[in-house]
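Chemist: Below are the structure tokens for one structure; questions will follow.
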Amino acid sequence: MSLQPIKVEDYFTPETFQRMKAFADQQETPFVMIDLNTISRAYDDLIAGFPFANVFYAVKANPAVELIDLLRDKGSNFDIASIYELDKVMSRGVGPERISYGNTIKKSKDIRYFYDKGVRLFATDSESDLRNIAKAAPGSRIYVRILTEGATTADWPLSRKFGCQTDMAMDLLILARDLGLVPYGISFHVGSQQRDIGAWDAAIAKVKVIFERLKEEDGITLKMINMGGGFPANYIAKTNDLETYSREITRFLKEDFGDELPEIILEPGRSLIANAGILVSEVVLVSRKSRTAVERWVFTDVGKFSGLIETMDESIKFPIHTDKQGEMEEVVIAGPTCDSADIMYEHYKYGLPLNLSSGDRMYWLSTGAYTTSYSAVEFNGFPPLKSYYL
Ligand SMILES: Cc1ncc(COP(=O)(O)O)c(C=O)c1O
């Protein structure tokens, strides 16, 4: 329950917020605006925390060319999920040596497409995919994604659909060698917005076992650990800061691998860009379901199908600011479409001011990641979420 108004200064400096708001005043809602300086700083902070790592930006978090260009110029590499992302990133002048095909679910012809473009780094977690890679991308470097714990402590878990057990990961890396590929490393993703830093400890310990056993039993020397994403953005429920994550994760790595670390890859999405975004919506209606109902419903012009899908199961709780002040009361917050799934928050009760009314603006903070790219094309006729890059 959050009946207190959020403090904007917990999320943005007053200058940045005022600057973004002044821009917002000129636009029709709904839209998201993204502050590129904030992303640039987040990238620098990540590099400062993990100076030994190579960053592969997870393009799925927000594929806008403005972000690709910024991160390209800052030296980032790119984690790519599809041929469409590949074309987009390469059209911005990123070479194939800076690209990893990180999706474990891919068509043979798409693997070939990546290979023809020059990409030589592929993720896998199954034998059939590995055999496809051996045929369509001969000689490439392979990393195998393993299953991880931590689903209950991540706001947006990724642990069941991707990855395989340790034993299978070893089998796949041996098979990779036998198929003429390069068994290169191991990847994992502890779940997005992972609150428990210990999740990395458990995953790194598994990786260590695989490195050692493959070396001792099969003469295979792996070179790389891809630690995925999972680093935190700034939502309502607080997490440790990035410095604590990087300090602890570095300690886990050194405990298991000593000072001579293998190549370390990070694939941040959320933590790099979420904090840079403000989604601006307008209240369409405020209503009650009966004369005596205590609860108000606030309907706004953006919803699950126009950028806020991560409110599914109320997983991500975005901080919401309005300019109205005064007494707060519990609300249900819902979107504008004729779909009853289009309710963002009902169980977690947000408080919004009692005097909030049609036409008032709602500022959804920390919405730079997984909003535009998740927005439906024409559901109920509504266009996809607009975005502006400042
Ligand atoms: C393979 C892979 N890497 C990285 C990410 C980014 O994770 P996060 O947004 O938690 O940083 C994702 C997110 O789905 C992913 O699937």
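The values are calculated or read from the model by the stated rules, or taken from the named source; none is laboratory data. Fair warning: this is a prediction, and the values are worked out from it, not measured in the lab. Note: ideal-geometry Cβ built from the backbone for every residue, glycine included; neighbour counts use all protein chains shown.
Chemist: Answer yes or no as to whether ALA42 is assigned by TED's automatic domain parsing to the domain that holds LYS349, out of contact with any Phe, Trp or Tyr (no Cβ under 7 Å at 6 or more places or on another chain) and at pLDDT 95 or above. First the steps, then the outcome.
Modeler: Numbers: assigned by TED's automatic domain parsing to the domain that holds LYS349: no; out of contact with any Phe, Trp or Tyr (no Cβ under 7 Å at 6 or more places or on another chain): yes; at pLDDT 95 or above: yes.
Criteria not met by ALA42.
Chemist: Within segment 209-255, track down each residue that is without any contact (Cβ under 8 Å) to a residue 60 or more places away in the chain, touching a helix residue (DSSP H, G or I) at 6+ places or on another chain (Cβ under 7 Å) and closer than 16 Å to PRO183 by Cβ.
Modeler: The answer is VAL209, ARG213, LEU214, ASP218, ILE220, THR221, LEU222, ILE225.
Chemist: Could you run through segment 300-346 and say how many residues are within 23 Å of the chain's Cα centre (by Cα) and surrounded by fewer than 17 Cβ atoms within 10 Å (Cβ to Cβ)? Let's see the steps before the verdict.
Modeler: Initial filter on segment 300-346 (within 23 Å of the chain's Cα centre (by Cα)): 302-321, 335, 341-345.
After this cut, where a residue has to be surrounded by fewer than 17 Cβ atoms within 10 Å (Cβ to Cβ) as well, the list is 312-315, 341.
Here the count works out to 5.
Chemist: Considering only segment 192-226, state which residues are outside any helix (DSSP H, G or I), buried (at least 20 other Cβ atoms within 10 Å of the Cβ) and out of contact with any Ser or Thr (no Cβ under 6 Å at 6 or more places or on another chain).
Modeler: Applying the first criterion (outside any helix (DSSP H, G or I)) to segment 192-226 yields 192-197, 219-226.
Okay, now just the ones that are also buried (at least 20 other Cβ atoms within 10 Å of the Cβ), so 192-194, 197, 222, 225-226.
Once the filter is applied, which keeps residues that are outside any helix (DSSP H, G or I), buried (at least 20 other Cβ atoms within 10 Å of the Cβ) and out of contact with any Ser or Thr (no Cβ under 6 Å at 6 or more places or on another chain), segment 192-226 yields SER192, GLN193, GLN194, ILE197, LEU222, ILE225.
Chemist: Conditions: (1) touching a Gly at 6+ places or on another chain (Cβ under 9 Å); (2) within 25 Å of TYR57 (Cα to Cα). MET344 meets all but one. Number of the miss?
Modeler: Tallying (1) touching a Gly at 6+ places or on another chain (Cβ under 9 Å); (2) within 25 Å of TYR57 (Cα to Cα), MET344 fails exactly one: (2).
Chemist: Here's a follow-up. Does segment 164-177 contain any residue that is surrounded by fewer than 24 Cβ atoms within 10 Å (Cβ to Cβ) and among the polar types (S, T, N, Q)?
Modeler: yes
Chemist: Here's a check for you: in segment 127-161, which residue that is among the small types (Gly, Ala, Ser) and within 27 Å of GLU310 (Cβ to Cβ) is modelled with the highest pLDDT?
Modeler: ALA154
Chemist: Which of the residues that make up segment 28-37 are out of contact with any Lys or Arg (no Cβ under 7 Å at 6 or more places or on another chain) and surrounded by fewer than 21 Cβ atoms within 10 Å (Cβ to Cβ)?
Modeler: GLU28, LEU36, ASN37 - these are the residues of segment 28-37 that are out of contact with any Lys or Arg (no Cβ under 7 Å at 6 or more places or on another chain) and surrounded by fewer than 21 Cβ atoms within 10 Å (Cβ to Cβ).
Chemist: Scan segment 270-304 for residues that are more than 16 Å from the ligand (Cβ to nearest atom) and small (Gly, Ala, Ser) and report the count.
Modeler: Filtering segment 270-304 down to residues more than 16 Å from the ligand (Cβ to nearest atom) leaves 278-304.
Now drop any that are not small (Gly, Ala, Ser), which leaves 281, 287, 290, 293, 303.
Counting residues in segment 270-304 that are more than 16 Å from the ligand (Cβ to nearest atom) and small (Gly, Ala, Ser) gives 5.
Chemist: Quick one: ALA24 ticks every box in (1) small (Gly, Ala, Ser); (2) more than 16 Å from the ligand (Cβ to nearest atom); (3) in contact with a helix residue (DSSP H, G or I) (Cβ under 6 Å, 6 or more places away or on another chain) except a single one, so which number is it?
Modeler: Going through (1) small (Gly, Ala, Ser); (2) more than 16 Å from the ligand (Cβ to nearest atom); (3) in contact with a helix residue (DSSP H, G or I) (Cβ under 6 Å, 6 or more places away or on another chain) one by one, ALA24 breaks only (3).
Chemist: Considering segment 149-163 alone, what residues qualify as being under 16 Å from ASP125 (Cα atoms) and aliphatic (A, V, I, L, M)?
Modeler: Within segment 149-163, LEU158 is the sole residue that qualifies.
Chemist: Ok, one more. Within segment 288-299, identify whether any single residue is modelled with pLDDT under 95, surrounded by 13 or more Cβ atoms within 10 Å (Cβ to Cβ) and not assigned by TED's automatic domain parsing to the domain that holds GLU97, and answer yes or no.
Modeler: The answer is yes, given that some residue of segment 288-299 is modelled with pLDDT under 95, surrounded by 13 or more Cβ atoms within 10 Å (Cβ to Cβ) and not assigned by TED's automatic domain parsing to the domain that holds GLU97.
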